[in-house]
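Peer 1: The structure's right below; bear with me while I get my questions together.
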Amino acid sequence: MKEECGVVGIYSLDNRDVAPLIFYALYSLQHRGQESCGITVVNEKFATQKEMGLVSEVFDFEKLTALKGSFGVGHVRYSTCGESRIENAAPFVVSHSLGYLSIGHNGNIANSAELRKGLEEQGEVFISTTDTEVIAHLIVRGLIRTGDIVDSIKEAMKKLNGSYSLAIATDDSVIAVRDPLGIKPLCLGRLGDTYIVASESVALDSIGAEYLRDVEPGEILVINESGLQSHRGASRGRTAHCMFEYVYFSRPDSILDSRLVYTVRERIGEIMAEDDHVDVDFVMAVPDSAIPFALGYARARGLPYREGLIKNRYVGRTFILPKQKARELAVRVKLNPLITNVKGKRVVLFDDSIVRGTTSARIIQILKDAGAAEVHMRIGSPPIISPCYLGIDMPTKEELIASSGDVEEVRRKIGADSLKYLSIEGLLRAIGKDERQLCLGCLTGDYPVPLEQHEQVKLVEYIK
Ligand code: SF4
């Protein structure tokens, strides 16, 4: 599974240049997308710099100091929709008869292909293959007709089906929009007279801003020289926050809907310890995301926590090895066992999820090759049985190991001595929300947005 994208919007009421602030905020959101990144700032004119690559590779002191403007938006991208190429990099800038609009999007629009077809039939021309451009066209068409940006966003929200957290720069404002179900995260912070909206609160921390609150599902937040104005865009009578943001995607030091992610993950470990009595020597984790689960579990059971695998932190996105043998090698280069810790030991091994099962099987084999006597696999999420259509890059249903086999079959395939997943009930307890507040689509096949079978097939083709 791959993370999606990260967005940032900053407006300085005291006219400071915001490009360096956007840079640091994007730096802290790098885990949400490593293919391309970009910044737009506005100083009467729009100035945009975007390229393929990491934030630290794309921006240097010269480029940042050339970007002058007291408000703007930034984006880090991993392509869940549209190919990985510079035309699809964001922020996406549109010139129209009333001015300009620059937009960064995190999420996935399920009816994007249909909307795009309709717009093309009405004469719109597209220069990218992203759903972000579809959103931009919808907003600009409404803006030209009504002259009101908030009304045009409200109109667009009525047509959009899917997940979207948006950071938009217009000629005089920064606007944050969160879809009515709040599927993707978006929060608001303040640093003196500077407002910041960002996908995760770690972006606020990176510039020393105070976390104020999450942007509400369906909310349109406008920030300009008059300050902050909140508008209600759309409502669905429920929310559907992506449960995987808590389990895996968001950084553990982020606050999501007023909950610290690290605490939720520790709680998952504690809940999994409640009915688990397997006899082991110590508890360990696949670094880094599974560490809080293992710590919570070990503490609750009074067992020692130890490291058994060391992660090579310099295996980057360029480490692409297509052949099976090369992929096996990739896991070995990324994770090396601490032989003296694991040799002859019975261990509980935590990971955040099992997708195809191939990585879990390789990790278990690495530990067994290092002399581990027993490896009891514990997974901090329930089984993934269905793909995500809302912004996470996942394999097809057929490729998901849990979609066709029960827990015992998965255990056998990955070579674990025992296997337990977090239950859906345990997940809800750990996050402190009920099933009407979370998206559980990939766990149940029941999605919070209407997705007909033919739309799902089309969407998979469109995303690929
Ligand atoms: S389907 Fe799964 S990964 Fe996708 S938004 Fe819903 S919970 Fe998140």
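Peer 1: Grab the DSSP H runs of the chain that are 4 residues or longer, score each as -39,500 (n - 2.57), total them, divide by all residues and round the 222 nm result to the nearest 500 deg cm²/dmol.
Peer 2: Value at 222 nm, helices only: -9000 deg cm²/dmol.
Peer 1: What do you get when you divide the Cα radius of gyration of segment 265-433 by 2.2 N^0.38 Å, with N the number of residues?
Peer 2: So the Cα radius of gyration is 1.01 times the expected 2.2 N^0.38 Å.
Peer 1: Under 13 Å from the Cα of LYS334, which aspartates and glutamates turn up, not counting those fewer than eight places away in the same chain?
Peer 2: ASP288
Peer 1: Quote the relative contact order of the chain in percent (integer), defining contacts as alpha-carbon pairs under 8 Å separated by 6+ residues.
Peer 2: 14 percent.
Peer 1: Which entries of LYS117/LYS433; LYS311/LYS420; LYS63/LYS158 have Cα-Cα distances beyond 29 Å here? Each step should come with its number before you reach the end.
Peer 2: Details: LYS117/LYS433 38 Å; LYS311/LYS420 24 Å; LYS63/LYS158 38 Å.
Pairs exceeding the cut-off: LYS117/LYS433; LYS63/LYS158.
Peer 1: Something else about it: By how many degrees, between 0 and 90 and to the nearest 10, does the Cα long axis of helix 149-159 differ from the longest principal axis of the chain?
Peer 2: The two axes meet at around 50 degrees.
Peer 1: Take the alpha carbon gyration tensor of segment 167-206, find the square roots of its eigenvalues, order them as a ≥ b ≥ c, and report rounded if a/c is under 1.5; if not, report prolate when a/b exceeds b/c, else oblate.
Peer 2: Oblate.
Peer 1: In what sequence do LEU440, LEU422, LEU212 fall when counting other Cβ within 10 Å, fewest first?
Peer 2: Values: LEU440 20, LEU422 24, LEU212 16.
Listing LEU440, LEU422, LEU212 from fewest to most nearby Cβ atoms yields LEU212, LEU440, LEU422.
Peer 1: Continuing with this model, one more query. Round to the nearest 10 and give me the degree value, 0 to 90, for the angle of helix 453-463's Cα axis relative to the longest principal axis of the chain.
Peer 2: Tilt of helix 453-463: around 80 degrees.
Peer 1: Further question: Using alpha carbons only, how many degrees (0 to 90, rounded to 10) separate the axis of helix 131-146 from the longest principal axis of the chain?
Peer 2: Tilt of helix 131-146: around 30 degrees.
Peer 1: Just to confirm the filter: which trypsin sites (Lys or Arg not before Pro) across segment 404-446 are DSSP coil and have at most 16 other Cβ within 10 angstrom of their Cβ?
Peer 2: Hits after loop and neighbour filter: ARG436.
Peer 1: Which of the peptides 192-202, 267-277 is most tightly packed, and how do the rest follow, judged by the mean count of other Cβ atoms within 10 Å per residue? Mind dumping the intermediate values first?
Peer 2: Values: 192-202: 24.7, 267-277: 19.0.
Result, highest mean first: 192-202, 267-277.
Peer 1: Any chance you could tell me what percent of the C-alpha pair distances in the chain go past 28 Å? It would help to have the intermediate numbers written out before the result.
Peer 2: Values: 54721 of 107416 pairs.
When all Cα pairs of the chain are counted, 51 percent exceed 28 Å.
Computed from the coordinates by the stated procedures, all read-outs in this text should not be read as laboratory data. All of these numbers come straight from a predicted model, not from anything done at the bench. Counting neighbours? That spans all protein chains shown, and the Cβs are built from the backbone with ideal geometry, glycine included.
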